[in-house]
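The values are calculated or read from the model by the stated rules, or taken from the named source; none is laboratory data. Note that this is a predicted model, so its numbers are computed, not measured. Every residue, glycine among them, receives a Cβ derived from its backbone with ideal geometry; neighbour counts consider all protein chains shown.
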Amino acid sequence: MKRLTLDGLNKAYGDTDAVRDVSLDVAPGEVVCLLGPSGCGKSTTLRIASGVERQTRGRVLIDGEVVSDDAHHAPPEKRSIGLMFQDFALFPHLSVIDNVAFGLTNVPRRDRKRIALEYLERVEMAGHASKYPHELSGGEQQRVALARALAPKPRVMLMDEPFSGLDNRLRDEVRDAALSVLKEEGAGVLLVTHDPEEALRMADRIALMRGGNIEQIGAPYHIYNNPKDRAAAAFFSDLNVIHGSVRSRQTDTPFGLFLTPGLVDDADVEIIVRPQHLSIALDDGARPESSARTGVAAPGSVIRARFMGSESLIEVSMDHDNSVLRATVPGVFTPEAGKRVWLSLKRESCFLFPCAAQSKVRSPFVRDGESVF
Ligand code: ADP
């Protein structure tokens, strides 16, 4: 049984198609993240799931029961959903425990404080039960908001950027606490975020949205490593682009040959590589040995290098076309500007897309007859 099903949702505001044919399921205990840039339709999808907004076309089901279609539309309070937003404020005039007890209208009055306290314990806020919201930090308020949303035992939790008001350190802490409680509760969670790191950290599955569509959906590891196009790859990190052109079903680059069997001569291709998948070596006079895994090393000169905390970012001007490639390496590696270096690709982590169609070439990349995928 799926906790939440969105089936062929469309939503138009005047001429704007905010959501186009969005379908997805959320299983019990599963966290699905809607990830995408501002304006791509994430919040509208969430508002439709909650019932605050009504779709132009399509259906919403909770636990297999239709709660909204062309014929009828259940309001949010009749959907067994919990809501959590960035600015979903607690009631300032109620104590922490009364804030949590407030939504427990479906349990006898005498049990409400006991249940509220249980949920405050789950988010490690029981010690603050008699305080008022203004006496709590932002992270503590979010924990209470989570307890309040979960206490009525919703079948579906809908969360819109719930952690984005918190500073980095606190955000990690509150996110981890939220995730463990959400998993225990077995609600289906639909979480909206524009932050790829948050999606990778929280999600069982990520749905990438663009222009109202779900472009790709899958497990974080899968979607990170198998983006369907350059834009999908760009959701998660900065990218390096190496241009090439097909000749006799292969593309020659300064980093070696890539087989491109499905493409006609002169087709332009882009080889996409994330900065952490470039290796860099100081030039000691000899070109590093080539291998099936790394291909051929290409020479360049350091433009600048910066230490970023746990890694270093090095920008290199490539000899072959003066393009700038960015490599990140763990730890401290900050060669001076002008230093000569060799860059090589971790070939199994490269993506190759034809420029025009932007669809992935599915064949493995092969060099010297050896498959590296
Ligand atoms: P996101 O959450 O990804 O930032 P939204 O779902 O808020 O995106 O918005 C998707 C599109 O729908 C945007 O172009 C936005 O301007 C438009 N939109 C959202 N809500 C309304 C509204 N109430 N009236 C008109 N247009 C809206």
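Of note:
One line per residue, one yes/no per condition, for (1) away from the ligand (no atom under 16 Å from the Cβ); (2) surrounded by fewer than 19 Cβ atoms within 10 Å (Cβ to Cβ); (3) under 29 Å from Leu9 (Cα atoms):
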{"position": "Thr56", "(1), (2), (3)": "no, yes, yes"}
{"position": "Arg59", "(1), (2), (3)": "yes, yes, yes"}
{"position": "Glu65", "(1), (2), (3)": "yes, yes, yes"}
{"position": "Ser68", "(1), (2), (3)": "yes, no, yes"}
{"position": "Arg79", "(1), (2), (3)": "yes, no, yes"}
{"position": "Gly82", "(1), (2), (3)": "yes, no, yes"}
{"position": "Val107", "(1), (2), (3)": "yes, yes, no"}
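- Filtered residues of region 41-71 (kept if farther than 22 Å from Met202 by Cβ and assigned to a loop (DSSP other than H, G, I, E, B)): Gly51, Val52, Glu53, Arg54, Gln55, Thr56, Asp63, Gly64, Asp69, Asp70, Ala71
- Residue, surrounded by the fewest Cβ atoms within 10 Å (Cβ to Cβ), within region 109-129, restricted to residues that are free of Cβ contacts under 8 Å to residues at least 40 places away in the same chain and assigned to a loop (DSSP other than H, G, I, E, B): Ala129
- Any hit, region 260-268, residues being out of contact with any strand residue (DSSP E or B) (no Cβ under 6 Å at 6 or more places or on another chain) and either aromatic (Phe, Trp, Tyr) or within 13 Å of Val341 (Cβ to Cβ) (or both): no
- Region 185-286 holds strands (runs of 3 or more DSSP E) entirely within its bounds, and those carrying 2 or more residues that are away from the ligand (no atom under 16 Å from the Cβ) and more than 20 Å from Thr5 (Cα to Cα) map to 240-247, 250-253, 256-259, 268-273, 278-282.
- The number of residues in region 7-35 being among the hydrophobic types (A, V, I, L, M, F, W, C) and more than 16 Å from the ligand (Cβ to nearest atom) comes to 3.
- Residues satisfying the stated conditions in region 130-162, i.e. at pLDDT below 95, outside any helix (DSSP H, G or I) and small (Gly, Ala, Ser): Ser137, Ala151
- Only a single item in (1) surrounded by fewer than 21 Cβ atoms within 10 Å (Cβ to Cβ); (2) in a loop (DSSP other than H, G, I, E, B); (3) within 16 Å of the ligand (Cβ to nearest atom); (4) over 21 Å from the mean Cα position of the chain (by Cα) is not met by Ser38, and it is number (4).
- Here Val273 fulfils each of the conditions (1) crowded, with 20+ Cβ neighbours inside 10 Å; (2) of a type outside the set (Phe, Trp, Tyr); (3) more than 24 Å from the chain's Cα centre (by Cα) apart from (3).
- Number of residues in region 262-318 that are closer than 20 Å to Phe333 by Cβ and among the charged types (D, E, K, R): the value is 8.
- Per-region count, region 84-102, residues assigned to a loop (DSSP other than H, G, I, E, B), surrounded by fewer than 20 Cβ atoms within 10 Å (Cβ to Cβ) and of a type outside the set (D, E, K, R): 8
- Verdict on Asp238 being surrounded by fewer than 19 Cβ atoms within 10 Å (Cβ to Cβ) and within 30 Å of Val144 (Cβ to Cβ): no
- Candidate set: region 7-35, residues that are among the β-branched types (Val, Ile, Thr) and in contact with a Lys or Arg (Cβ under 7 Å, 6 or more places away or on another chain); chosen: the one surrounded by the most Cβ atoms within 10 Å (Cβ to Cβ): Val19
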